[in-house]
1. Percent of Cα-Cα pairs per 10 Å bin, from 0 to the last occupied bin, for the range 52-94, please list those.
2. Mind checking the log10 I(q)/I(0) for the range 103-211 at q = 0.14, 0.16 Å⁻¹? Debye, one equal scatterer per Cα, no solvent, two decimals.
3. Net charge near residue 139, counting Lys/Arg +1 and Asp/Glu -1 over other residues with Cβ under 10 Å of its Cβ?
4. Starting at 0 and stepping by 5 Å, how many percent of the alpha carbon pairs of the range 170-228 end up in each bin?
5. If you keep only loop residues by DSSP, which GluC sites (Glu not before Pro) in the range 149-222 have at most 10 other Cβ atoms within 10 Å of their Cβ?
6. Stretch residue 195-residue 218 to full length: gain in nm at 0.36 nm per residue minus the Cα-Cα span?
7. Roughly how many Å² is the accessible area per residue of the range 126-262, as a whole number, for a 1.4 Å probe?
8. What does the charge add up to near residue 218, with Lys and Arg as +1, Asp and Glu as -1, over the other residues with Cβ less than 11 Å from its Cβ?
Amino acid sequence: MTIKTISKLLAVSFLLGTSAGYAQSEIFQGVDATTEAEERETAVIEDEGEVELHAFATIDYESMYVTSGAQGAYESLQPNVEFAYYGFYAGVWANMPLDSNPGGNWTNDEFSDEYNIYAGYGMSFMDDLLSATAGATYYLYPDFNTDPNHTWELNFGIAADVLLNPGFELNYDLNLNQLECIIVSSYEFDLSEYTVDGLSLAAGVAFGYLQNEVDKVSYFYVEMAVDVVYTYNENFSVFAGPRFSTNDAGKDNNIGERATNF
């Protein structure tokens, strides 16, 4: 999988603390990435040089779980908890299928769960123009019917604080011998001037390439998401919106032989 992409690029979702993470790198694993990056920067040096521990939590409902441009499960809940301190971060993210259709999280078990345990370090440089993260993710599939039921992945990312917030992510799964490269971009437009205070529109897109040597699979994919975000205060936000994904992996590598999802 990925540091789950625009999973973390757009920004916001039931936050505890100010804003925050890393866990996934895709649009579809919560629109939290920008928020998480900001949280890690804040966790480095607070006012008057004081270092503070920051925490945030999200709970997402997705009508489909899409990762790396392909459907991993049907409708699901996706909780996430993360802590950040002095640039270091650690958290747990999960996908919990709700639908009784088979294919939950890549297995024949219709309610198979996925757990991602991740940690790393984030920093900014060039007067905060650029930011970078490096970390690792442990993927656990407790209902997976083969051994092993887990994988280890190394994660690297870099982003620029300029128009459209471009970024690049590189992920390598040690068990699957899987390489994933992702170009991401996101933008948030403040609607409060035209509507109500705290309302904004967030959009993101990811272009990725995945190559898995174990399963002999390689493909390109595109993911897009648009969310209407309401920020009640610095500690609490809600969002809702559509997602779109497509890939050229072929029908045998997509649940229900469907490469495009909305």
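1. Calculated P(r), rounded to whole percents: 26, 38, 27, 8.
2. The computed values of log10 I(q)/I(0) come out as -0.78, -0.91.
3. For residues surrounding residue 139, the net value is -3.
4. 5, 16, 18, 14, 12, 11, 8, 7, 5, 3, 1
5. Taking the range 149-222 and a limit of 10 other Cβ atoms within 10 Å, the loop GluC sites (Glu not before Pro) found are 193.
6. 3.8 nm
7. Working: 7780 Å² over 137 residues.
Per-residue value: 57 Å².
8. Local charge sum for residue 218: -3.
The values are calculated or read from the model by the stated rules, or taken from the named source; none is laboratory data. Since the structure is predicted, the reported quantities are computational estimates derived from the model, not experimental observations. Here the Cβ is made from the backbone with ideal geometry for all residues, glycine too, and neighbour counts use every protein chain on show. These area figures cover heavy atoms from the full protein model, side chains too; ligands, DNA and RNA do not enter into them. Shrake-Rupley method; radii C 1.70, N 1.55, O 1.52, S 1.80 Å.
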